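A short reminder: the numbers here are calculations on the coordinates, not readings from a lab. From a predicted model like this one, the values you see are computed outputs, not experimental measurements. Heads up, the Cβs are rebuilt from the backbone with ideal geometry, glycines too, and the neighbour counts pull from every protein chain shown.
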Amino acid sequence: MPSWSSIDAAFTDKSNTTWFFQGSKYIGVDSSKTSGKEADIGQRWGVESNQFTAPVKGEPVVIAAFSHDGRAFLIGPTSYTVVL
C-alpha cells in the first residue's frame, strides 16, 4: 500500500496488480504485495494506444480535422483527439 494520507482511486487489473492514484501520482502493488515506485500518472496513463500514437502502416491516421473555440480536433478512423 502507498504511504499516502488518502487515495483518490484504485482498481485491480487482470494480472492482479492493484493500481492506486492520488493527485498526480500512481503506484502499483502486485499480487505478492510488492510495490512499484511512485511515479507521475502521465508517465504511464493517459496515452491511449490508437491510430495517432501507434499508426498502422498503410492505413490513414487523420481523415478529418477542424478547429473550434481555439482547439484543434483530429478525427481518425476509430477515434479522435483534441489538440489544445
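Things to note:
- Across the stretch 48-57, coupling constants 3J(HN,Hα) worked out from phi with the 6.51/-1.76/1.60 Karplus curve, θ = phi - 60°, read 6, 7, 8, 5, 7, 9, 9, x, 8, 4 Hz, and Gly and Pro carry x.
- Taking the chain and dividing mean pair separation by its residue count, relative contact order in percent (alpha carbons under 8 Å, at least six apart): 15 percent
- Debye equation applied to the C-alpha atoms of the chain, log10 I(q)/I(0) at 0.14, 0.19, 0.25 Å⁻¹: -0.68, -0.86, -1.11
- Dipole of the chain computed with +1 at Lys/Arg Cβ and -1 at Asp/Glu Cβ about the Cα centre; of GLY36, PHE20, VAL82, farthest Cα towards the positive end is GLY36.
- Net charge dipole size for the stretch 4-63 [Lys, Arg +1 and Asp, Glu -1 on Cβ; Debye, nearest 20]: 140 debye
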